[in-house]
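Read through the structure below, which is laid out as structure tokens, and then see the notes.
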Amino acid sequence: MKILFKFTMIALTMTFMVCACEQKDSYSMGSHVHRVVCHDTIYRDSFIVEKYKIDTVFYDTKWLRKRFETAKWITWTNYRDSFTVDYPDCMVRIENIGERNMRAEYHSITMIVTAYDDAKEMSLQEKYEAINQSAVTKSIADSSFLMAGWCDKDKLYFEKDYKMDGLRWMYLRVEFPSEYTWAVDPLLQYVLEYKPKRLE
């Protein structure tokens, strides 16, 4: 009887030890481990850093916001249409896309400037009504109008269109993942307040 009791106790002890090990493993590999992304590889590689206990999305968004708030701004000049636009120096401008267009990118965030001529002259109100159908929010002013909405299943856009003169128009647009709306607010504010800076 004593031998049976000893074997039973040993079996129970081993069972508890196995369960405890499994529980520890499942905890360390489960949702309780916080992942932090290194700044230099913020959108490429991520790894577990035990000493930090910061939520990943909040950490990335906070860092991105700081990046745009402290960036120096570079001027791009459209000589053909005689105006300039600024963009943050952390964004990379794509070359050779035409003298009337500018595109700058920072990972999944894009800033686009385009000047173009319509086939026929349209008033600001006519243009606004013609192209705002897909916009979620929109508003019109004296010489420009704003539009915002979805440009992809997980990306938003914010755009300002200007009537330059005659057939000529230009727009300034920012496209970004929806989860980074707060982070790119400095860019959105620039678009909101932008007026074409005419060359002297």
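For residues in the stretch 153-166 being in contact (Cβ under 8 Å) with a residue 24 or more places away in the chain and farther than 19 Å from Ala115 by Cα, which is surrounded by the most Cβ atoms within 10 Å (Cβ to Cβ)? Top of the filtered list is Leu156.
No other residue among Trp150, Trp182 is of a type in the set (Phe, Trp, Tyr), out of contact with any strand residue (DSSP E or B) (no Cβ under 9 Å at 6 or more places or on another chain) and surrounded by fewer than 16 Cβ atoms within 10 Å (Cβ to Cβ) apart from Trp182. Counting only strands (runs of 3 or more DSSP E) that sit completely within the stretch 68-123, those holding 2 or more residues that are among the polar types (S, T, N, Q) correspond to 73-78, 109-117.
Here, each number is a calculation from the coordinates, and none is a lab measurement. Given the structure is predicted, the values throughout are model-derived calculations rather than measurements. All Cβ positions, even for glycine, are placed from backbone atoms using ideal geometry, and neighbour counts span all protein chains on display.
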